[in-house]
1. Restricted to Cα positions, what overall size does segment 188-240 have along the principal axes? Three whole-Å values, descending.
2. How many percent of the accessible area of segment 1-79 is carbon or sulfur, using a 1.4 Å probe?
3. Starting from the residue with the highest accessible area, list THR4, THR225 in decreasing order, probe 1.4 Å.
4. Taking the alpha-carbon distance from LYS92 and a cut-off under 30 Å, which lysines remain once sequence neighbours fewer than 8 residues away in the same chain are dropped?
5. Starting with the highest mean, order 35-45, 227-237 by the number of other Cβ atoms within 10 Å, averaged over the residues of each peptide.
6. Can you work out the base-10 log of I(q)/I(0) for segment 1-49 at q = 0.16, 0.31 1/Å, using the Debye formula on its C-alpha atoms alone?
7. Hey, what's segment 14-91 come to in accessible area per residue, 1.4 Å probe, Å²?
8. How large is ³J(HN,Hα) for each residue in segment 223-238, as worked out from phi by the Karplus curve 6.51 cos²θ - 1.76 cosθ + 1.60 (θ = phi - 60°), to whole Hz, x for Gly and Pro?
Amino acid sequence: MTYTVKQVARLSGVTVRTLHHYDAVGLLRPAAISSAGYRLYSDADLERLQQVLFFRELGFSLRDIARVLSSPDFDRKEALAMHRRLLVEKRKRLGALIRSVDRSIATMDGGEEMTSNAMFDGFDESKLREYREEARRRWGGTPAWEESERRTSGYTKQDWQDIQTESDEINRGLAALMERDPAGPEAQELVGRWYKLINYRFYECSPEVFRGLADMYVEDARFTTHYDRWRLGLAAFLRQAMHVYADGLEKSSAR
């Protein structure tokens, strides 16, 4: 079965203009062109478009999507499973946020009293202990972990608030730049602040470790959910930007 560009647009919610652009850049070429010059898409083309949209939602650039989909190692089922995990996590968070909004409305209407804990349901702060335990399992006993434990053991409540404020500013700034190049100066300046924060507040972070952290933000759904609460796809965008920054550090040290 084949589909015209208008039918594909209606099915997918993607504009005809965008589909034309995907064709022009070689990301999604139609299976055939009719005798009248119309683009005709196959079921396989629709499957590829689905993957394009999934990766776009995760913050990948069109160039990176084309590279991933063209890789002989690409596994569509694995990619779908990953996307499902992220959607399930997002659904959990949105459900908690909706319940929090409902409670706030009920409180304003003079109904039930809302506790301070319930007020912040869905904002993911409860995950911090889980992240810390995950970090302990991954890196416990390593020099970086021991250094982080030594530094943070004496931190005051204000120290942690300062760290949170700085982290929030960085994440908010990066979320606003997701339509731009992660290798651009604005994104790299913010990632540089993140790198310096890790080194100053926690442990000496090598480019290799920094790159590994970036990968974990996408490979572990819990971390992905934490970053994507700022904007869907931020974790993937952050990973790209951190890889670029780590590459730059290695080039500088090699000079």
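1. Per principal axis, max minus min of the Cα coordinates gives 28, 20, 18 Å.
2. Within segment 1-79, the accessible surface is 52 percent carbon and sulfur.
3. Details: THR4 55, THR225 15 Å².
Descending accessible area places them as THR4, THR225.
4. Qualifying lysines at Cα under 30 Å: LYS77, LYS127, LYS157.
5. Numbers: 35-45: 13.4, 227-237: 22.3.
Order by mean packing, descending: 227-237, 35-45.
6. -0.35, -1.41
7. Per-residue accessible area for segment 14-91 comes out at 61 Å².
8. Using θ = phi - 60°, the values come out as 5, 4, 4, 4, 7, 6, 5, 6, 6, 4, x, 5, 4, 5, 5, 4 Hz.
The values are calculated or read from the model by the stated rules, or taken from the named source; none is laboratory data. Treat the numbers as computed from the prediction; the structure is a model and nothing was measured. Reconstructed Cβ throughout: ideal geometry from the backbone, glycine too, with neighbour counts over all protein chains shown. Only protein heavy atoms, including side chains, enter the accessible area calculation; ligands, DNA and RNA are left aside. Shrake-Rupley method; radii C 1.70, N 1.55, O 1.52, S 1.80 Å.
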